[in-house]
1. For all pairs of alpha-carbon atoms in the range 75-282, what percent lies in each bin of width 5 Å, listed from the first bin to the last filled one?
2. Pairs to check: K87/K110; K78/K265; K109/K163. Give those whose C-alpha atoms are more than 27 Å from each other in this structure.
3. Between D274 and L232, what is the FRET efficiency for a Förster distance of 22 Å, r being their Cβ-Cβ separation, to the nearest 0.05?
4. May I ask which residue of Y171, G210, S198 lies farthest towards the positive end of the charge dipole of the range 135-233, with charges of +1 (Lys, Arg) and -1 (Asp, Glu) on Cβ and the Cα centre as origin?
5. What does the charge add up to near R155, with Lys and Arg as +1, Asp and Glu as -1, over the other residues with Cβ less than 14 Å from its Cβ?
Amino acid sequence: MGCGSLRQREGSGSDSASPAWPGEGRWVVAAAIPRGSFRFLPGLGTTSSFRNQYDNDVTVWSPQGRIHQIEYAMEAVKQGSATVGLKSKTHAVLVALKRAQSELAAHQKKILHVDNHIGISIAGLTADARLLCNFMRQECLDSRFVFDRPLPVSRLVSLIGSKTQIPTQRYGRRPYGVGLLIAGYDDMGPHIFQTCPSANYFDCRAMSIGARSQSARTYLERHMSGFMECNLNELVKHGLRALRETLPAEQDLTTKNVSIGIVGKDLEFTIYDDDDVSPFLEGLEERPQRKAQPAQPADEPAEKADEPMEH
């Protein structure tokens with residue numbers, strides 16, 4: 001039988017050395033239990049369950065129609081450092097917050113160069129992002145070698161979606177635990193795309209992913225109507241202000257923890273790090289002080305926190 005077998009225990013006679021056990025003389029199910037999961041089988045005793053029986057593999061659906069492994073990968077993106085992408089009529093800009101593992105370590109790169117007209121910023125597992133970035137670089141090289149032209153941004157994003165979809169439906173694989181913001185410029189103009197571990201991808205006017213990114217998305221939604229008419233300096237300032245919203249009140253943007261990527265008409269994708277970021281930060285006004293909220297009386301409930309937006 002597929003997941004178990006039926007067998008009948010012989011009755012224990014007086015000459016039987018084996019003790020009587022529950023289920024004796026009845027049909028019981030001898031189920032094949034996957035390693036790491038525990039279930040209760042009537043007649044075989046009780047065991048404790050300490051994990052979800054529907055999250056053992058990416059091919060297992062829950063009764064609610066969910067795939068928990070993909071949801072866990074989405075959580076990895078939310079734990080990564082924040083990054084912001086936005087575009088105007090002529091340029092696309094990426095702004096990312098860099099983290100250091102300790103005071104002894106350098107800040108990790110969060111914006112990566114793919115081709116002269118494409119770059120990405122990442123939130124999530126850096127190792128997974130590095131693998132996807134190498135794949136994107138290879139596809140861009142193939143396009144230039146075979147067709148003698150740069151790969152359209154939308155075509156590259158479609159290839160990434162197909163690649164990240166494969167481990168979401170194969171046994172023994174796990175989803176890529178990284179989200180990407182892809183900035184590019186082609187014959188159709190500037191682009192900002194978002195990709196998810198679920199293999200979904202979205203064409204955006206502006207987007208933010210990573211830790212505390214809801215605050216940045218709120219800022220982007222509030223000022224989105226003016227982005228298309230912004231010049232490059234104004235667009236970068238909007239990106240920096242949105243990224244600053246993700247920081248705690250006692251922390252601010254510096255040349256050490258900010259990275260900027262810009263691509264546009266007659267401008268190849270360029271990454272600005274360290275001292276190159278100074279001109280953009282110098283033109284940024286000081287962060288407004290947030291007023292402390294008065295404590296709520298005991299008989300009045302506190303306001304409900306904003307729920308995160310859907311990807």
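1. Computed distribution, short to long bins: 1, 8, 16, 21, 21, 16, 10, 5, 2, 0, 0.
2. K78/K265
3. With a Förster radius of 22 Å, E is 0.65.
4. Y171
5. Value of the local net charge: -3.
Rule-based calculations on the coordinates, nothing more; no lab input. Since the structure is predicted, the reported quantities are computational estimates derived from the model, not experimental observations. Heads up, the Cβs are rebuilt from the backbone with ideal geometry, glycines too, and the neighbour counts pull from every protein chain shown.
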